[in-house]
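Single-structure report; data block below.
The values are calculated or read from the model by the stated rules, or taken from the named source; none is laboratory data. Here the structure is a predicted model, which means the values were calculated and not measured. Using ideal geometry, Cβ is built from the backbone for each residue, glycine included, and neighbour counts are taken over all protein chains shown.
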């Protein structure tokens, strides 16, 4: 299980363009996701979360790790002309409440909130377009030096 979580966390950090300092958040999010997926270890075609709580997990609340989100600033913490939201980075799910964990991009402060608008295609280095042809890398099937050596 350790290898599974580490590989999942590594992929999530790579996809989001985040450094190794986010490994803890990535592993916790990987564990959260893994516990909501069916597993062969439980022979009832259920997830560990479902066996533990006797409820089906709500998958509609899942978001892309590391994506940007605008988190609402509570009314009592802002002045009349202050911004109503702040740009944050999604880091995972809160442990003991139905909320998300965010890191504010400008200050690095950790926030826990349910009130957010997610931009699941935007990350620190810009939006991701997986249908863009410029992201396709083609490799040669053979090496020219190797061909010369064979002759």
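Points worth noting:
- Qualifying residue in the range 41-59 (condition: free of Cβ contacts under 8 Å to residues at least 12 places away in the same chain, under 19 Å from the mean Cα position of the chain (by Cα) and either within 17 Å of residue 118 (Cβ to Cβ) or surrounded by 18 or more Cβ atoms within 10 Å (Cβ to Cβ) (or both)): yes
- Hey, residue 49 outside any loop (DSSP other than H, G, I, E, B) and closer than 15 Å to residue 102 by Cα or not: no
- Candidates are the residues of the range 94-149 that are modelled with pLDDT under 90 and part of a strand (DSSP E or B); the one that is nearest to residue 16 (Cα to Cα) is 123.
- The range 66-80, residues that are in a loop (DSSP other than H, G, I, E, B) and within 20 Å of residue 16 (Cα to Cα): 66, 67
- Residue that is within 15 Å of residue 13 (Cα to Cα) and either over 12 Å from the mean Cα position of the chain (by Cα) or without any contact (Cβ under 8 Å) to a residue 24 or more places away in the chain (or both), where the choices are 103, 95: 103
- Residue ID - nearest to the chain's Cα centre (by Cα), chosen from residues in the range 4-21 that are loosely packed, with under 12 Cβ neighbours inside 10 Å and in a helix (DSSP H, G or I): 14
- Hey, residue 63 at pLDDT 90 or above, surrounded by 11 or more Cβ atoms within 10 Å (Cβ to Cβ) and not in a helix (DSSP H, G or I) or not: yes
- Apart from one condition, residue 91 fits all of (1) in a helix (DSSP H, G or I); (2) within 26 Å of residue 125 (Cα to Cα); the exception is (1).
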